[in-house]
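Below you'll find the structure, written out as structure tokens, and then a few comments.
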Amino acid sequence: METYGSDRPFSKVCAKQARVHLFVCRITSKEDVVMGTLTVRENLSFSAALRLSSTVSQSEKEARVKHLIQELGLTKVADSQVGTQMTRGISGGERKRTNIGMELIIDPAVLFLDEPTTGLDASTANSVLLLLKRMSCQGRTIIMSIHQPRYSIYRLFDSLTLLVGGKMVYHGPAPNALDYFADIGYHCEPHNNPADFFLDVINGNFTVNNMTSVNSSEDVNLEELSSSRQSIEERLVLEYKNSIYSSNTQAELEQILLDKKFIMHPAARTITYNSSFLHQLQWVLQRTFKNLLLSPQISVAQVVVSIFLGLIVGAIFFGVKDDQSGIQNRMGALFFITTNQCFSTVSAAELFIIERKLFLHEYISGYYRVSVYFLSKILSDMFLRTITSVVFSCIVYHLIGLKSTSAAFFVFVVTVTLVNYTATTMTMAISADQSVVSLANMFLSITFVFMMIFSGHLVNLPSIMEWLAWLKYLSIPRYGLAALQINEFVGLKFCEEIVNQNSNMSTVVSNGSMSTFGTTCTGEQYLDYSGIDYTSWGLWMNHVALTVMALIFLIIAYLKLRYIKKFT
């Protein structure tokens, strides 16, 4: 059953005394769209800052927020966090009222609410509806959908519209609905809830003279039941078309059209903003950083994990030596560091998925532009990843005992951070239009595995067949590992002493460096064998490639977010 409420046409409802309109429908429950880490006052202030005109002073906005808190009965919890899945906050009814308050901040003449009592107990739901009733008496028109309202809630509504299969079966005053259905043969039992009764009638579970449509026999013919329901729907539609309610509504609609000299057709789905780009960016960025700091499971946990991994890697490869084993240990450490930076960015897949409903609601409501939201999320996430990358780099670099020069350490930190940035942007590009975190993680895992294969450690890149060799240019770990190898291996020597002449192994001189058959003596030799250009440009070329890839991924992520389906 779908119902849309108004006993008068929409335009006149707005112009005359406000009423409460019932809108009962078979749709999924909608969650409250409010930032759980912020307090009630902060959420209302955020709505006021972005949705009220820039001509309204800050003091006036604060006064409106204070008045709204009092009106909604939220004074005791005004400075309490709303609450998230990880932290306990205010009650369900208070959360609902906060959500309603964020819409009331602009003082709308018409307020649409989607199941405002979902998830609330009967007493709390009743208190929320009583609040809405008081608000309607102050001049607002409230149209809502509601899930299984009890009678004390149902009797608060002024008008009711019932739809079945998209066709109207009743439109008029809510108190007259029972009499109307009784006149056409559907009588509601004395102690039956009218809302439940309407659902039963429209679903075909009632027949004329208050008899159930289900056959008394044990075996029910589904085809006959479906046919019976179809006939009931057709009869309900026909009865309404012939009723006085239909003729009165049609006459009033025709009168409205006659009174209007022209009809304005505003652009469909046009969103207007009451604040500038910079003003939006300031508030959204401030809220995003505050949400990050107040979510220890996101911020603190990532830093702790980075420290833990840094200590583990540093302990495993502690104090590498300048001998043949040092080559293998260095390569193992650098490979692990690079791949770890890639796989650690999988958490960024949740960046746009967790707040999808909040973003869509606030964007459609005119809080901010897509670009503002995108920049805020990117800047806050990159800030956190910069900290984790620098902390991780400082720990592993000194514990492993890599090249002890400040320039080499600086290049190491920049490379590790840039790999993290690029992998993060790729994660965002893949997950920006996803709605399920597990699905996005699956795509990311497959992508990173292929990139890891073509990183240059598991397989010698010059030996790969030509028809597959091009895939190495798409590997983020390859660029990061190559830069770290050049930074570490250039200038290192792994066999200072010439092999004893009495040894069975002979020596040769190649490019002015000493090597033995089967032995690598200099870092440059190892880089030559791996097919890595270790010139100055060969080093920074990897950073340029990572930067270009990051920019491309950012553009893809923004376009996905910009053109994601926002309206239903």
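Per-structure values
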read-out: Accessible-area ranking of Trp540, Trp470, Trp283, largest first, probe 1.4 Å; value: Trp470, Trp540, Trp283
read-out: Potential lengthening between Ser123 and Asn192 on full extension [0.36 nm per residue; Cα-Cα distance subtracted]; value: 22.9 nm
read-out: Pair Arg134, Lys290: separation of 7 Å Cα→Cβ label points (nm); value: 2.7 nm
read-out: Too-long pairs where the Cα-Cα distance tops 32 Å, listed order kept, from Lys66/Lys167; Lys66/Lys357; Lys290/Lys403; value: Lys66/Lys167; Lys290/Lys403
read-out: Computed FRET value (nearest 0.05) for Glu103 with Glu60, which takes r as the C-beta separation and R₀ as 30 Å; value: 0.95
read-out: Val459 paired with Leu258, simple spin-label distance in nm, labels 7 Å along Cα-to-beta-carbon; value: 8.1 nm
read-out: The stretch 298-346 shape via C-alpha gyration tensor axes, a/c threshold 1.5; value: oblate
read-out: Whole-percent pair-distance distribution, where bins are 10 Å wide, for the alpha carbons of the stretch 29-171; value: 11, 38, 34, 13, 4
read-out: Accessible heavy-atom area order of Asp183, Asp158, highest first, probe of 1.4 Å; value: Asp183, Asp158
read-out: Solvent-accessible heavy-atom area per residue, rounded to whole Å², over the stretch 311-394 at 1.4 Å; value: 36 Å²
read-out: Segment Gln324-Met86, extension gain: residue separation times 0.36 nm, minus the distance between their alpha carbons; value: 80.7 nm
read-out: Pairwise label distance in nanometres, Val548 with Ile353, each label 7 Å out on the Cα-Cβ vector; value: 3.1 nm
read-out: Accessible-area composition of the stretch 39-80, carbon plus sulfur, in percent [1.4 Å probe]; value: 49 percent
read-out: Backbone HN-Hα couplings from phi across the stretch 435-447 [Karplus 6.51/-1.76/1.60, Hz, Gly and Pro as x]; value: 10, 10, 5, 4, 5, 5, 5, 5, 4, 5, 4, 4, 5
read-out: Length gained when the stretch Ile387-Lys566 is fully extended (0.36 nm per residue, less Cα-Cα span); value: 61.1 nm
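The values are calculated or read from the model by the stated rules, or taken from the named source; none is laboratory data. Everything quoted here is computed from the prediction, not taken from an experiment. Note that each Cβ is placed from the backbone with ideal geometry, even for glycine, and that neighbours are counted across all protein chains shown. Only protein heavy atoms, including side chains, enter the accessible area calculation; ligands, DNA and RNA are left aside. Shrake-Rupley method; radii C 1.70, N 1.55, O 1.52, S 1.80 Å.
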